[in-house]
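The structure appears below as structure tokens.
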Amino acid sequence: MPTTRAAPEPGTRRRPPTGRSTTWRDRLHRFDVRYVPYLLIAPFFLLFFVFGLFPMIFNGVVALRHWRLDEPDRTGWAGVENFRRLFTDGDFGNALYNTFGIFLLSTVPQLLLALIIASMLNRRLRAQTWWRVSALLPYITPITASTLVFNVFFARDLGMANWALGLLGIGTENPIDWRADKLHSWIAIATMVNWKWIGYNALLYLAAMQSIPRDVYEASALDGAGPWRQLWRITVPMIRPVVIFTVVLSTIGGLQLFTEPMLFDLNAQAATGGAGGEWQTVAQLIYKVGWKDLNLGYAAAMSWALFLIILVVAALNTLLTNRISGGRK
Amino acid sequence: MSLLERRRAAASVPPARRRRPALLGRAPQDTPAGIGTYLFLAVTALFAAFPLYWMFVIATSSDEATSQLPPVVIPGDRFLPNLDEVFSLQDVYFAASLVNSVIVATVVTASVLFFCSLAGFAFAKLRFKGSRALMLFVILTLTVPNQLGVVALYIVMGKLGWNGTLLAVIVPGMVTAFGVFYMRQFIVNTVPDELVESARVDGANTMRIYWNIALPAVRPALAVLGLLTFVATWNDFQWPLITLNGTDYPTSMVAISDLASGNYVIYRRVLAGAFVATVPLLIMLVIGGRQIVRGIMEGAVKS
């Protein structure tokens with residue numbers, strides 16, 4: 001939106017100093033024009049180098065060393081020992097499996113539902129702002145707080161989830177123990193993740209939908225497309241960049257899932273993700289290895305592995321989404 | 001001048017297009033929502049709100065409420081007694097944690113607004129060598145997952161002696177790539193180059209231009225960025241847990257996770273604490289909901 005402002009009155013303008021005199025004023029001016037811009041952007045770069053880039057690189061060093069919090073004297077190079085251990089570590093494999101399981105159960109329904117809700121919000125609505133704000137209620141709620149509420153929902157005995165399923169005739173004989181096996185605990189955690197992010201993603205989609213030129217829809221009227229086909233044939237391909245953006249965002253976020261699995265555990269601080277690690281995610285395992293088992297070197301190696309996995313999966317998902325959302329035309 | 005005019009001309013196009021009659025094949029935005037849409041949205045809103053509402057119900061009830069079926073849906077009258085219990089738990093430091101969260105979120109937000117608007121202004125309106133490459137770098141840092149550095153960050157903080165203090169959670173968040181990017185986009189679009197130039201000719205220095213011209217023009221963006229930063233900082237859990245857990249200086253999120261650990265968790269107590277820690281954000285949503293919505297939607301289109 002352009003804001004117009006009155007230009008300063010011509011009479012008040014001072015002529016820029018001419019001549020070659022190097023008074024302190026000129027020098028100050030030159031400093032101001034030449035160097036002050038760098039001073040203004042310096043805080044970001046300073047902070048990023050100290051608390052972002054350096055830790056990232058240093059993390060690679062830590063991963064190659066023996067680094068234990070309980071034995072500060074036992075240092076020295078470990079070589080690739082920490083990395084080699086990853087391949088035979090059952091806990092890591094299990095955590096990876098859980099992370100992907102929860103990721104699939106949360107991302108796919110989350111983005112599909114967000115798309116549907118966005119297309120509903122994209123109609124001419126009364127109290128438009130109100131609907132949009134209410135979609136953000138889960139987004140502003142602390143995950144710690146909402147997870148604890150869901151914990152009560154997903155109680156085995158007398159929990160609301162089992163009660164609701166019971167109304168549908170499911171599990172009336174044997175109520176589901178949401179913390180006893182992988183699939184059920186994954187579903188419970190994925191439900192929390194979905195609850196949190198559907199509204200947020202819906203708003204991202206809505207923003208993109210509203211910037212689709214109207215004549216695209218006019219042109220499509222000729223094939224007599226209904227709203228559902230319109231959504232899949234026109235809207236989704238047109239908002240493809242944002243769809244890819246959300247897929248990348250939820251890949252990065254989903255593979256680092258931490259708070260929900262941590263607090264879903266009735267003994268949260270143990271970070272084991274269930275008695276048998278049923279829902280322990282990689283991020284949780286990193287926390288446990290680093291700060292419960294006090295082996296920072298190994299935790300660092302794990303973070304590196306997770307980083308690489310995120311990169312690969314984000315790239316794959318981008319390709320996949322690109323094909324799915326574009327290939328429907 | 002030509003720049004300004006062109007922008008004005010471009011702005012006048014959409015209203016004209018909007019008036020075109022479109023009965024067949026009209027865009028969804030022009031289609032009035034039917035009863036089905038309203039119903040669907042109402043059910044969605046109910047799902048979004050229910051866990052929050054129920055948190056309050058349990059927070060105001062006695063122990064039996066968590067296990068009653070069909071579920072209790074009317075708030076009880078025990079909110080203050082439950083809250084009193086939370087605050088009097090010795091090793092959770094709940095009251096202190098709320099103060100800490102307020103300090104952390106406020107300081108981080110104020111600092112993000114200041115440093116990001118400064119850097120955004122520099123990238124948007126000042127000419128200096130390498131500005132394009134440096135901006136690209138800022139955007140690239142947006143895509144780095146923060147998980148990667150957490151172990152090393154802990155070691156760095158240890159060397160600085162900041163682990164277990166609020167500095168460890170405040171300083172790394174004081175200026176964000178997203179904030180710089182967001183402010184830059186906004187300033188590019190709202191502060192005319194001519195105004196900056198003429199102020200320069202009038203002898204104003206860079207800081208003066210920032211303070212008197214750029215800052216007043218970007219107030220709406222500051223509100224949006226401020227709200228988003230406050231919410232994100234307040235809710236941050238993993239890093240505060242790593243660096244503050246077990247100390248006397250938890251943030252409220254860490255304190256809540258403390259409340260929820262142990263063999264027998266008392267939910268009316270835990271959720272009373274959780275509710276109190278959620279209230280500031282609910283207030284923000286009520287006051288600034290429109291801004292938060294706008295910030296998220298603008299961010300989507302720009303990136």
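The values are calculated or read from the model by the stated rules, or taken from the named source; none is laboratory data. The structure displayed is predicted, hence computed values, not measured ones. Neighbour counts are summed over all protein chains in view; Cβ atoms, including those assigned to glycine, are modelled from backbone coordinates with ideal geometry.
Candidates A:SER185, A:SER146: the one that is more than 10 Å from chain B (Cβ to nearest Cβ), crowded, with 17+ Cβ neighbours inside 10 Å, at pLDDT 90 or above and farther than 30 Å from A:SER211 by Cα is A:SER185. Within the stretch A:126-143, restricting attention to residues that are free of Cβ contacts under 8 Å to residues at least 24 places away in the same chain and among the β-branched types (Val, Ile, Thr), the residue that is surrounded by the most Cβ atoms within 10 Å (Cβ to Cβ) is A:ILE140. In the same structural domain as B:ALA110 (by TED's automatic domain parsing), over 28 Å from A:PRO138 (Cα atoms), surrounded by fewer than 18 Cβ atoms within 10 Å (Cβ to Cβ) and of a type in the set (Lys, Arg): does that describe B:ARG219? Taking the combined requirement at face value, the residue does not satisfy it.
Taken over the stretch B:110-137, the criterion of being outside any helix (DSSP H, G or I) and free of Cβ contacts under 8 Å to residues at least 24 places away in the same chain is satisfied by B:ARG127, B:PHE128, B:LYS129, B:GLY130. Could you tell me whether any residue of the stretch B:77-95 is assigned to a helix (DSSP H, G or I) and within 28 Å of B:TYR210 (Cβ to Cβ)? Among the residues of the stretch B:77-95, not one is assigned to a helix (DSSP H, G or I) and within 28 Å of B:TYR210 (Cβ to Cβ), which makes the answer no. Just one of the listed residues (A:GLU278, A:GLU260) is modelled with pLDDT of 90 or more and within 11 Å of another protein chain (Cβ to nearest Cβ), namely A:GLU260.
Criterion applied to A:THR18, A:THR22, A:THR75, A:THR3 was being at pLDDT 75 or above and assigned to a loop (DSSP other than H, G, I, E, B), and the one residue passing it is A:THR75.
Regarding the stretch A:102-109, can at least one residue be identified that is touching a helix residue (DSSP H, G or I) at 6+ places or on another chain (Cβ under 9 Å), over 24 Å from A:ALA305 (Cα atoms) and not β-branched (Val, Ile, Thr)?
yes
Quick check on the stretch A:163-170. Is at least one of its residues without any contact (Cβ under 8 Å) to a residue 12 or more places away in the chain, in a helix (DSSP H, G or I) and more than 10 Å from every other protein chain (Cβ to nearest Cβ)? Spell out the reasoning first.
First, pick out the residues of the stretch A:163-170 that are without any contact (Cβ under 8 Å) to a residue 12 or more places away in the chain: A:163-170.
With in a helix (DSSP H, G or I) added as a condition, the list becomes A:163-167.
The next check asks that each one be more than 10 Å from every other protein chain (Cβ to nearest Cβ); those that pass are A:165.
Yes, the stretch A:163-170 contains at least one residue that is without any contact (Cβ under 8 Å) to a residue 12 or more places away in the chain, in a helix (DSSP H, G or I) and more than 10 Å from every other protein chain (Cβ to nearest Cβ).
Just one of (1) charged (D, E, K, R); (2) without any contact (Cβ under 8 Å) to a residue 24 or more places away in the chain; (3) away from every other protein chain (no Cβ under 13 Å) fails for A:ARG123. It is (3). Among the candidates B:THR247, B:THR243, B:THR251, the residue that is more than 9 Å from every other protein chain (Cβ to nearest Cβ), farther than 30 Å from B:GLN68 by Cβ, surrounded by fewer than 22 Cβ atoms within 10 Å (Cβ to Cβ) and hydroxyl-bearing (Ser, Thr, Tyr) is uniquely B:THR247. Report yes if B:THR143 is outside any helix (DSSP H, G or I), free of Cβ contacts under 8 Å to residues at least 12 places away in the same chain and more than 7 Å from chain A (Cβ to nearest Cβ), otherwise no. It is true that B:THR143 is outside any helix (DSSP H, G or I), free of Cβ contacts under 8 Å to residues at least 12 places away in the same chain and more than 7 Å from chain A (Cβ to nearest Cβ).
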